[in-house]
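Have a look at the structure below, then the notes.
Please treat every number below as a calculation from the coordinates, not as lab data. Quick caveat, the model's predicted, so the values are computed rather than measured. Neighbour counts run over all protein chains shown; Cβ positions are idealised from the backbone, glycine included.
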Amino acid sequence: MKVTIVRDYNELSSKTAQLIIEQIINKKNSVLGLATGSTPNGMYKELIRLNQEGKVDFSEVITFNLDEYYGLSPEHPQSYHFFMWDSFFKHINIKKENVHLLNGITENIAKECKQYEALIQKSGGIDLQVLGIGNNGHIGFNEPDISLNGRTHLVNLTAKTIRANSRFFNNAREVPKQAITMGIGTIMQAKKIFYWLTAKEKPGLLKEQ
Ligand code: PGA
């Protein structure tokens, strides 16, 4: 594991964007695992800027997002589907058919999860997964006590995660109580994983590293 300490959020965003660009330069049709939350915003902004300046080409890139709230439609402003299109995909030259997001309103969760796993395999597996860590240690929506080899599945969110994510909603009652997430087993199969941890927001977690 390589640890890089950065000065501030701007440096975190530009360094992470740089890692993604290097990955795409090495392999035009890279498969990226992407994340939502507050932390990736700067990285997405930087990637949009570089794409618009012609410095990175997403036309062959394939993406899979980590997770989605169960019960929120793709049009819901707090769904991760909406977030990803609004803050990233619609601004870059990625092909719609190469973007994969879990369907939060699926009528068949088992089928949705199985299909997602199959699509990841069919694409050749994730080359680079970027992810954050929740303030209780969750990864994707895998809460800390979950199995280390699980695949994409439905999870019940803990009270702590619901409270933390209520900052994006009007109140905690509006936060969905469940989500669909790649499992830790799915994530661990990525060829490379990059994860960030911001000291100011998560000092306790930093001490444990
Ligand atoms: P954050 O979220 O980037 O908003 O801190 C990380 C997470 O909850 O996984």
Discussion item. List the residue pairs whose Cβ atoms are under 6 Å apart, where the first residue sits in the stretch 160-184 and is under 16 Å from Leu66 (Cβ atoms), the second is aromatic (Phe, Trp, Tyr) and within 15 Å of the ligand (Cβ to nearest atom), and the two are 6 or more positions apart or on different chains.
Written reply: Pro176/Tyr69; Ala179/Tyr69; Ala179/Phe141; Thr181/Phe141
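Condition check ((1) of a type in the set (Phe, Trp, Tyr); (2) in contact (Cβ under 8 Å) with a residue 40 or more places away in the chain; (3) in a loop (DSSP other than H, G, I, E, B)) across all residues:
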| residue | (1), (2), (3) |
| --- | --- |
| Leu12 | no, yes, no |
| Thr16 | no, yes, no |
| Ile24 | no, no, no |
| Met43 | no, yes, no |
| Leu47 | no, yes, no |
| Pro74 | no, no, yes |
| Phe83 | yes, yes, no |
Item to complete: For residues that are among the hydrophobic types (A, V, I, L, M, F, W, C) and within 16 Å of the ligand (Cβ to nearest atom), tally how many sit in the stretch 102-140.
Response: 5
Fill in: Sole residue being touching a Cys at 6+ places or on another chain (Cβ under 7 Å) and either on the phi < 0 side of the Ramachandran plot or acidic (Asp, Glu) (or both), chosen from His91, His138, His153, His100
His153
Worksheet item: Only one residue in Ala199, Ala164, Ala179, Ala172 is of a type in the set (Gly, Ala, Ser), more than 14 Å from the chain's Cα centre (by Cα), surrounded by 16 or more Cβ atoms within 10 Å (Cβ to Cβ) and over 26 Å from Glu60 (Cβ atoms), so which one is that?
Response: Ala164
